[in-house]
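Accompanying notes for the structure given below.
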Amino acid sequence: QKEVEQNSGPLSVPEGAIASLNCTYSDRVSQSFFWYRQYSGKSPELIMSIYSNGDKEDGRFTAQLNKASQYVSLLIRDSQPSDSATYLCAVNIPTDKLIFGTGTRLQVFP
Amino acid sequence: EAGVTQFPSHSVIEKGQTVTLRCDPISGHDNLYWYRRVMGKEIKFLLHFVKESKQDESGMPNNRFLAERTGGTYSTLKVQPAELEDSGVYFCASGGVRYNEQFFGPGTRLTVL
């Protein structure tokens, strides 16, 4: 079992819809959780971080964390074609390194 | 504020040669990380500096990889001698103190022929 698992996609949603991206992790001592957006050929860009159970909203993005279920998700409201990218889930364990999933490719079509 | 910068952006070398990658972190960030992504795989941790000290080098593949961060500013990652399996994109990230948020540089794409 991989430490951080994501569906590779592609996840295709129409413009204006809600995109829901999911991630599960195996290490119960994980403390911090991050979503990165990566456009093709570019570096990962930090878009959301979440540290406690519940929801955290930032503009069109909402991160949700459920530590009991070892589950973290990212919702993108009013999806735009410019949101088309690979979304990487990353989990921080106490030694400070990030453990990444393989990423979910999101396609938003007009 | 300038972001993390890396040099070179691309490097093509032959097996057995030496390559040195450089990373300049965001000014004031004590934490500097190296990661690598090989084709089709997830981004994987290599090592972590706090200032000039190696905090964790558990991800370094073998002793052909040497990382330094003299003076606690920029860092270099040297691969000597390079092997075919070293090909991939090498990312550097830096972070301050806020909940271990890490900000990535543009990466160096290394191709070993």
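Before moving on, here are some points about what is shown:
- Under the Debye formula (equal points on every Cα, no solvent term), log10 I(q)/I(0) of chain A at q = 0.21 Å⁻¹: -1.11
- Electrostatic dipole magnitude of region B:11-93 [Cβ: Lys, Arg +1; Asp, Glu -1; Cα centre; debye, to 20]: 60 debye
- Span from the region B:40-113 Cα centroid across to the region A:1-48 one, whole angstrom: 22 Å
- Pairs spanning more than 27 Å between alpha-carbon atoms, out of A:LYS42/B:LYS44; A:LYS97/B:LYS15; A:LYS2/B:LYS15; B:LYS15/B:LYS44: A:LYS97/B:LYS15; A:LYS2/B:LYS15.
- The GluC sites (Glu not before Pro) of region B:38-76 meeting both criteria, a DSSP state outside H, G, I, E and B (loop) and at most 16 other C-beta atoms within 10 angstrom of the site's C-beta, are B:GLU52, B:GLU57.
- Which of B:TYR74, A:TYR39, A:TYR25 has the fewest Cβ neighbours within 10 Å, and the rest in rising order: A:TYR39, B:TYR74, A:TYR25
- Overall Cα dimensions of the protein assembly as shown - principal axes, largest extent first, Å: 50, 39, 34
- Computed from phi, the 3J(HN,Hα) profile of region A:50-67 under the Karplus parametrisation 6.51, -1.76, 1.60 (θ = phi - 60°) reads 8, 10, 10, 4, x, 10, 9, 10, 8, x, 7, 9, 10, 9, 10, 10, 10, 5 Hz, with x in place of Gly and Pro.
- Among B:ALA67, A:GLN31, B:PHE103 - extreme Cα towards positive end, dipole of the protein assembly as shown, charges at beta-carbon: B:ALA67
- The protein assembly as shown, dipole about Cα centre (Lys/Arg Cβ +1, Asp/Glu Cβ -1), debye to the nearest 20: 280 debye
- In chain B, the DSSP beta bridges split such that about 90 percent are antiparallel, to the nearest 5.
- Sequence of A:VAL4, B:VAL112 once ranked by neighbouring C-beta atoms within 10 Å, starting from the fewest: B:VAL112, A:VAL4
- Nitroxide proxy distance, nm - points 7 Å out along Cα→Cβ at B:SER9 and A:TYR39: 1.3 nm
- Debye equation applied to the C-alpha atoms of chain B, log10 I(q)/I(0) at 0.18 Å⁻¹: -0.84
Every number in this text was worked out from the coordinates using simple rules, so none of it is lab data. Treat the numbers as computed from the prediction; the structure is a model and nothing was measured. Using ideal geometry, Cβ is built from the backbone for each residue, glycine included, and neighbour counts are taken over all protein chains shown.
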